[in-house]
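Input: a single structure, listed below in C-alpha cells.
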Amino acid sequence: MSKLHLTILGDGGWGTTLAVLLSAKGYPVTLWGAFKDYTRLMEKTRLNPKFLPGIKIPRDICITNDIELAISGKDIIVLAVPSQYTRGVLNKIRGKFDKGAIFLSATKGIEISSSKRMSEVIHATLGPVRFAVLSGPTIAQEVAKGIPTTIVTASYDKKIRKTIQEVFSTERFRVYTNPDVIGVELGGSLKNVIAIACGVSDGLGFGTNTKAAILARGLAEISRLGKAMGAKLGTFSGISGLGDLVTTCISNQSRNRFVGEQIGRGKTLKQICAHMQMVAEGVATAKSAYALSLKYKVDMPITKEVYRLLYLNKNPRQVVKDLMTRKSKEE
C-alpha cells in the first residue's frame, strides 16, 4: 500500500485533515485548492487558517492550484469539494486521470440541480470509474488532533472497500466497510438537514427533550427515504447514519447546527451565509432532500419544515407549532 499515490481535491478543513492523516502514514499526498492565492499562502506558511486553524501541514504534502498536476499519476483521487461544485471540478479532469484510479467521495451532499448523490454525479460525469464513499461522524479538527474517530467506506466492489480501509486506517482513525453506497451517502447528506433543525431548537432556547425528539424523528424520516431509494435500513443505525447524525446535531463545531441556531435567533439565511467561511451542506441539501421526498412520496415533516424555513422564510416558532400539532399517529 505504501506505493499508492493520492490526491485530495478540495483544501477545506476535511480535505486538509485527510491529507495530513495520509502523510503521517507515509503516503505521497497532493492537496489541490481552487484559489491560487490561497494555495500559495498554504504552501508558504504550511497552515490552513480559514478552514483548519492551528494544524501544521507537513512539508512533504504537495499543495497546488494546478488540477492536472494534482491528478497526474494518482491511484486514489479524493473528492472533498462542496457538493454543488463537484460536477464542475469533475468536468475539469474528465479524460485526464489515470485509468484504474479510484475516486473516493468525501463530500456529504446532494446536487440541487439533479437531486443526484455524489456517486451518481461522478458516474454521470466521468463514466464507470472505480468508486467508493468515505463518510461518518468526523469533525475535522478532532481528527486532525488525533482524537479517536470511526468512519465508514462504502463501495459495491469489495476489493475497493478493503483498499480504502487499509489506506486510511490508523490507531486513532478506525475505518469500517459497508457495501451500501446509497445508505452511506444518504446518511451523510440528510443528517445535515436535521442538524439545522436541531440548531433552530437551540436558537429558540429549547432543551434536551426537543433535541432528542428531532434526532429520533429525523432518523425515522431519513430511514424512510433511504428505504424508498434502495438503501439498507440497518445502515442508518450505524456509524454513517445515527453516529454522524448525533455528532452533527450536538457539536458546537457543526456548521449546519450553527446555521439553524442563528435562524432560531432571528437572522436570515443571507445574513448567516455572508459571514461564514465554510459551506454548510445542509442548506443546499434541504432543497434536494425535499425534492426527493416528493419524488419518492415519502413523508419527511422535519425536512419539509427546514426547507420552508430556509427558502420560504417561514417563522421558526410557527414551524415548531406546526410540527407539534400534526395529526396524531403511531410511532
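The values are calculated or read from the model by the stated rules, or taken from the named source; none is laboratory data. Since this is a predicted model, take the numbers as computed values, not measurements. So basically every Cβ, Gly included, is an ideal-geometry build from the backbone, and we count neighbours across all protein chains shown.
A few points about this structure:
- Test: residue in segment 98-117 that is closer than 24 Å to K232 by Cβ, without any contact (Cβ under 8 Å) to a residue 40 or more places away in the chain and part of a helix (DSSP H, G or I): no
- Selection over segment 24-39 of residues that are over 15 Å from A70 (Cα atoms), without any contact (Cβ under 8 Å) to a residue 40 or more places away in the chain and not acidic (D, E) gives a count of 2.
- Single condition T16 does not satisfy, out of (1) surrounded by fewer than 19 Cβ atoms within 10 Å (Cβ to Cβ); (2) within 27 Å of R174 (Cβ to Cβ); (3) of a type in the set (S, T, N, Q): (1)
- Options K287, K321, K329; residue that is in a helix (DSSP H, G or I) and over 25 Å from the mean Cα position of the chain (by Cα): K321
- For segment 235-273, filtered to residues that are in a loop (DSSP other than H, G, I, E, B) and under 23 Å from E142 (Cα atoms), the residue that is nearest to the chain's Cα centre (by Cα) is S254.
- Residues located in segment 152-194, provided they are buried (at least 23 other Cβ atoms within 10 Å of the Cβ) and either modelled with pLDDT under 95 or part of a strand (DSSP E or B) (or both): V152, T153, A154
- Residues satisfying the stated conditions in segment 195-240, i.e. in contact with a strand residue (DSSP E or B) (Cβ under 9 Å, 6 or more places away or on another chain) and surrounded by 24 or more Cβ atoms within 10 Å (Cβ to Cβ): T235, S240
- Taken across segment 263-275, residues that are closer than 24 Å to E120 by Cα and surrounded by 14 or more Cβ atoms within 10 Å (Cβ to Cβ) do not occur at all.
- Y176 vs. criteria of a type outside the set (V, I, T) and in contact (Cβ under 8 Å) with a residue 40 or more places away in the chain: yes
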